[in-house]
1. Sort by residue number and report every cysteine in the chain with no other cysteine beta carbon within a distance under 4.7 Å.
2. Please arrange THR525, THR493, THR308 by accessible surface area, largest first, computed with a 1.4 Å probe and ligands excluded.
3. If you average the alpha carbon positions of region 507-547 and of region 95-131, how far apart do those two centres end up, in angstrom?
4. Work out the charge dipole of region 289-426 with +1 on the Cβ of Lys and Arg and -1 on the Cβ of Asp and Glu about the Cα centre, then indicate which of THR301, HIS359, ASN407 is farthest towards its positive end.
5. Remind me, relative contact order of region 619-724 in percent, using alpha carbon pairs under 8 angstrom and six or more residues apart?
6. How many angstrom separate the Cα center of region 765-804 from the Cα center of region 612-629?
7. Over the chain, with every protein chain in place, what whole percent of the accessible area is carbon and sulfur at 1.4 Å, could you tell me?
8. For ARG429, ARG54, ARG367, give the ranking by accessible area with the largest first, probe 1.4 Å.
Amino acid sequence: MSSSITYADVLLPLALPQNYTYAIPFDLVPFVKVGHRIIVQFGKNKFYTAIVKRIHHEKPVFEPKLLESLADEHPIVTENQLRLWKWMSDYYLCTEGEVMQAALPAGLKLSSETKIILNEFYEGDYESLNNEEFLIVQALREQRETTVPQIQDMLQRKNVYPYLRTLFNLGIALSSEEVIEKFKPKTETYVRLYETYQDEENLKQLYGDLERAPKQLQLLLAFNQLSLKNRYVKKNELLALSQSDAATLKRLADKKIFQEYKVEVSRLGTFHEDDITTANLSEDQQRAIREIDEHFQDKNTVLLHGVTSSGKTQVYIEKMAEAIREGKQVLYMLPEIALTAQIINRLRKYFGNQIGIYHSKFNQNERVEIWNKVLNGEYKLVVSARSGLFLPFRDLGLVIVDEEHDNSFKQMDPNPRYNARDISIMLARYFDGKVILGSATPSLESYQNAERGKYGLVEMTKRYGDVSLPQIVVEDIKRERRKMTMHHSFTQTLTVAIQEVLANKEQAILFINRRGFSQYQTCRTCGFVYKCRNCDVSLTYHKFQNKLICHYCGYLEPVGRACKSCGTIDLDIVGMGTERIEEEIAELFPEARVGRLDLDTTRGKHGHSTVIASFENREVDILVGTQMVTKGLDFEHVSLVGIVNADHALYFPGFRSNERAFQVMMQVGGRAGRKQKQGKVIIQTSNPQHRIIKQVVEHDFASFYRAEMQERQQFHYPPYSRMVHITLRHKEVAMVEKAVLFLANNLRKKQIGETLGPTTPLISKVRNYYLRDIIIKTDHRTNDLQTFKLAIKDCLDMLRADKELKSVWISVDVDP
């Protein structure tokens, strides 16, 4: 039934099963557009910012509330974003509100529950504020923080959002979700001559003018000496060579002779602005670009399979530049943005101010600013982790997913549990854009799509500069232990190799995918194992903190001398982690400088940068690390990589364990010998005959792929099936057992595929919640995937509707 009243269907950042409809006041009808952010009342007293999804004249069956006001002058969400959000909610069995919650920066999601705090670091004045805005600032000065309802009461106004928006935009106030400390990029100061003195005649005259100022003349001579070697002269190097001080340099700057300028530099290494300008494409890179262009004639997605250090990044840069020249926007996704400052510097030299970086290191005000610059088309290239998918692109021409196999692209918690690689392909489709997926070890799903002709396939089999692939040596831990030639956790071969690296003034990386000192603490007398009181896992011993810590909930307890069960003083620590390896290396090689790269050493904002910078600057000889060391880092002086215990990866439970093990070992091995010298990789394992180990040694992705796909097909695992993993959680074990049986029975009645379970997972209790699992598999050839998903959704809705069982938490993971 149509009406003269205009209505808006809106999305709220809540897990609601449907969209809500609000009436648009007559005076706002001309201004409200799809994608606008509006203020609405939801419930009796709560206010939220919502996004307009649809405008119409169809009167709903209930009497809708009026929307309160517009939060922005222009829409902040595009129609393509709304289409993507809807697709994601259907595919990943979640609500559009949950997708919106993940997509929008917190600075765009104010609600009546949001706390407003004063930014203590604001240094500007308040002259531009109106009376209402100044009153809010005064209240914040007195109370330090306040809420939206309190501000409404104080101003006696319902709509206070325009005033808050002004304070947020000026940086005077912050929402409680924000991190006050802003991301501060590392910069270095460079010095150059003013244009006047770049003329040879003027420079000669300047020498004569400075004869009466010997210190200034000395500084000028030092500048000329440095500029003969380097095109760009660093301030600190200039002052050191000339033995001058900053005051002398300032006097020359005041005379308009020298000019200082700052350049943002990588925390992973040094800035060389002319690195890229002299880069030449190899024949392999030129061929790869030609083949990508050929595939793009009839395909939208290309898989670029190139060995480590083959020069894939330069291929990406060429394709980015081409898209930007055509007026298109580009999204370049990396698995972890904190690890990629080296890449970002290379891109800045090509694209300058057209490049934006979007990741969790930025606070919410900065994220909103980046959001707006992408929306306005100011940023032509965005480098991001998986969250960059949600930015409001206007004309996206190219998406590049580097290290497309990496599981960091999979969102694990909370909803939506999406895979950014898959979403990138759907996103590009809305713009008729192209996608390049790049990896040295592609995921099986991507490689199968390329084999079947769904994607184009381009292969780069040579390292750039014809550097050899690393030599891989396998050492049998069991044999070495029998011969009693182990040195702590290291075989004789690895120990000797480390000695050679230190003697040659080179560097080594030791990889073990477990943090902490040991896996658990146990009593030798009674066998008691120290476990978390909230989770069904053993506590990990961390020697640096001298505590037993749960890696799931954070519970910790001090290390005791006597067993809690029998009282005997006979405790032992079992297993190994990064802390233990670090300590053993320090004991075996006391002269070596050892660093550690894991979650514990990188918790601080700049923790990762500090560790990597010290390794890059050769302040550390041996770096011990977890999986973080496998991701895109390029160290010139690393000649040795040691995988301390490959069994941890090989025997991890899960159908993807072989794939993950192969990828991790190939990637970490790729860190060795990347600059003009063949490196060495030593893999320690108790099963040197394992198929995966042999394939890694031979760098044989093809045989790995064939064998793994045969196993997947035999046991009906992806990509030969579609899989949905459902986990139920509750604090009462009887309740979760009842709920999981209820759900499993209903799923079987639907006859939609193979329902496995219910099962108790390996870790059956986390944070005092008991867990139960169900897995549903269906044939990958099922055409009506939507019917399959709708049947699952129907069963989940039945569970949520049950009065007794609705308190059970449900998490759904599609394509786990």
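The values are calculated or read from the model by the stated rules, or taken from the named source; none is laboratory data. Computed from a prediction, not measured in an experiment: that's the story for all the values here. FYI the Cβ positions are ideal-geometry reconstructions off the backbone, even for glycines, and counts take in every protein chain you see. Keep in mind that these areas ignore ligands, DNA and RNA; they rest on the heavy atoms of the full protein, side chains included. Shrake-Rupley method; radii C 1.70, N 1.55, O 1.52, S 1.80 Å.
1. When partners are defined as cysteine Cβ atoms under 4.7 Å apart, the chain leaves CYS94, CYS553, CYS795 without one.
2. The most accessible residue leads, giving THR525, THR493, THR308.
3. Taking the Cα centre of region 95-131 as reference, the centre of region 507-547 is 41 Å away.
4. After comparing all options, I get HIS359.
5. Answer for region 619-724 is 28 percent.
6. Here the answer is 44 Å between Cα centres.
7. Exposed carbon and sulfur together represent 48 percent of the surface.
8. Output order, biggest surface exposure first: ARG429, ARG54, ARG367.
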